[in-house]
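Presented below is the structure to which this report refers.
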Amino acid sequence: MKALIVKKPWIDYILDGIKTWEIRGSKTNIRGKIELIQSGSGLVVGCCEIIDCKQLSFEDYINNKDKHKISDTTCLPYKNTFAWIIIHAQRYKEPRKYKHPNGAIIWVNLHQ
């Protein structure tokens with residue numbers, strides 16, 4: 001199972017169901033259920049599904065603040081900006097610990 005590392009407050013917005021676009025500087029071909037890791041916590045805190053990935057124009061970015069929740073829309077955050085489209089986010093009642101591999105910044109492969 002893949003797990004995506006997300007910083008606060010963004011991970012809470014995803015798990016609360018109010019953030020459905022995770023903005024990243026690279027595209028992903030991963031689709032389906034993934035788990036979510038709160039950056040710096042050592043915990044897997046929830047799960048969601050990635051259903052799509054699309055490159056954003058500046059217009060897409062500023063017109064969809066309700067989906068990505070980034071307040072500063074004066075410019076794109078990355079040279080190539082992508083929205084990873086998320087649905088069915090769920091917060092785990094009992095977060096679980098995991099071993100963070102050296103160098104993992106975006107994804108962690110979890111063994112269950």
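We did not get these values from a lab; they are worked out from the coordinates using the rules stated. Every value quoted in this text rests on a predicted model; they were computed, and no experiment measured them. Heads up, the Cβs are rebuilt from the backbone with ideal geometry, glycines too, and the neighbour counts pull from every protein chain shown.
For residues that are more than 13 Å from I23 (Cβ to Cβ) and of a type in the set (S, T, Y), scanning just the range 58-93, find the one that is nearest to the chain's Cα centre (by Cα). For the range 58-93, the residue satisfying everything is Y92. Identify all residues within the range 44-72 that are of a type outside the set (D, E), surrounded by fewer than 17 Cβ atoms within 10 Å (Cβ to Cβ) and part of a strand (DSSP E or B); write none if there are none. Within the range 44-72, I51, K54, Q55 meet the criteria. For Q90, are the conditions met, namely being buried (at least 17 other Cβ atoms within 10 Å of the Cβ) and polar (S, T, N, Q)? Considered against the rule, which asks whether it is buried (at least 17 other Cβ atoms within 10 Å of the Cβ) and polar (S, T, N, Q), Q90 comes out as no.
One residue is enough: does the range 49-59 have a residue meeting the conditions free of Cβ contacts under 8 Å to residues at least 24 places away in the same chain and of a type in the set (S, T, Y)? Checked against the condition, which is being free of Cβ contacts under 8 Å to residues at least 24 places away in the same chain and of a type in the set (S, T, Y), the range 49-59 yields at least one hit.
Quick grid of which residues meet (1) hydrophobic (A, V, I, L, M, F, W, C); (2) closer than 12 Å to I85 by Cα:
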| residue | (1), (2) |
| --- | --- |
| K27 | no, yes |
| E35 | no, no |
| C48 | yes, yes |
| I51 | yes, yes |
| S57 | no, no |
| T74 | no, no |
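When T28 is tested against (1) assigned to a strand (DSSP E or B); (2) surrounded by 17 or more Cβ atoms within 10 Å (Cβ to Cβ), exactly one condition is not met: (1).
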